[in-house]
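To start, the structure itself, in structure tokens.
The values are calculated or read from the model by the stated rules, or taken from the named source; none is laboratory data. Since the model is a prediction, treat every value here as computed from it, not as a measurement. No Cβ is skipped: glycine too gets one built from the backbone with ideal geometry, and neighbour counts run over all protein chains shown. When the accessible area is computed, the model is the full protein with side chains, heavy atoms only, and any ligands, DNA or RNA have been set aside. Shrake-Rupley method; radii C 1.70, N 1.55, O 1.52, S 1.80 Å.
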Amino acid sequence: MVITERPACPIGFKVNFYILKDDLMDIKKKKRGIALLNAAVIEKKDENLVVSAAEKITKKEIDFDEDIIHAINRAEEQRVLDFEKNSTGFKCVSDYDEESLVYFSVPEEKGWIVTIDGENTEFINSGGMILLKVPAGKHNIDFTFVTPGFREGRNISIISFAIFII
């Protein structure tokens, strides 16, 4: 038996291009993976948030004949650094020469708190995943997940237990 490892995309990597969701939906399903390795997908309403950090690409400009391994290697070269998981999320470091869009293959959902150098930052929904606009230079990025309603539920439980004891 022979076991071989196949290259895989990093969880976070810089993207140089973005594609609008409507344009992505015009691409055949089998080809969308290559498109997403070339560009982050965004809604038209979010375009003004990303134009300073990436260039718009259309389906006509994507090389669908590109080898998937080449596309994955390109993502690997642009990955975030020092990726480290912890019990509440993960952290990493970005170090890019210019303001950049960094795509994280992490589902976008309520409960994520994202900070860049300790400052809360908004993230963009990129096809159900998280897209960050990161300033130029070296920055610490922290993702913390807090289950929605957890704090309220904990407080209600504590108060209820206290009432029960009394």
Of all residues in region 17-34 being without any contact (Cβ under 8 Å) to a residue 40 or more places away in the chain and not in a helix (DSSP H, G or I), the one that is nearest to Tyr103 (Cα to Cα): Leu20
Test: residue in region 78-99 that is surrounded by fewer than 18 Cβ atoms within 10 Å (Cβ to Cβ), over 17 Å from Phe17 (Cβ atoms), among the small types (Gly, Ala, Ser) and touching a residue at least 40 places away in the same chain (Cβ under 8 Å): yes
Among the candidates Ile57, Ile19, Ile34, Ile62, residue that is modelled with pLDDT of 95 or more and either open to solvent by less than 20 Å² (accessible area, probe 1.4 Å) or out of contact with any His (no Cβ under 6 Å at 6 or more places or on another chain) (or both): Ile19
Scope region 109-121; condition surrounded by fewer than 16 Cβ atoms within 10 Å (Cβ to Cβ) and not β-branched (Val, Ile, Thr); matching residues: Glu109, Lys110, Gly111, Asp117, Gly118, Glu119, Asn120
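Would you pick out the residues in region 123-142 that are of a type in the set (A, V, I, L, M, F, W, C), touching a Lys or Arg at 6+ places or on another chain (Cβ under 9 Å) and over 22 Å from Leu36 (Cα atoms)?
Going through region 123-142, the residues of a type in the set (A, V, I, L, M, F, W, C) turn out to be 123-124, 129-132, 134, 136, 141.
Next, only the ones that are touching a Lys or Arg at 6+ places or on another chain (Cβ under 9 Å) stay: 123-124, 134, 141.
Answer for region 123-142, where residues must be of a type in the set (A, V, I, L, M, F, W, C), touching a Lys or Arg at 6+ places or on another chain (Cβ under 9 Å) and over 22 Å from Leu36 (Cα atoms): just Ile141.
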Filtered residues of region 39-54 (kept if assigned to a helix (DSSP H, G or I) and open to solvent by less than 30 Å² (accessible area, probe 1.4 Å)): Asp46, Glu47, Val50
Criterion (touching a strand residue (DSSP E or B) at 6+ places or on another chain (Cβ under 7 Å) and outside any strand (DSSP E or B)) met by exactly one of Ala75, Ala71: Ala75
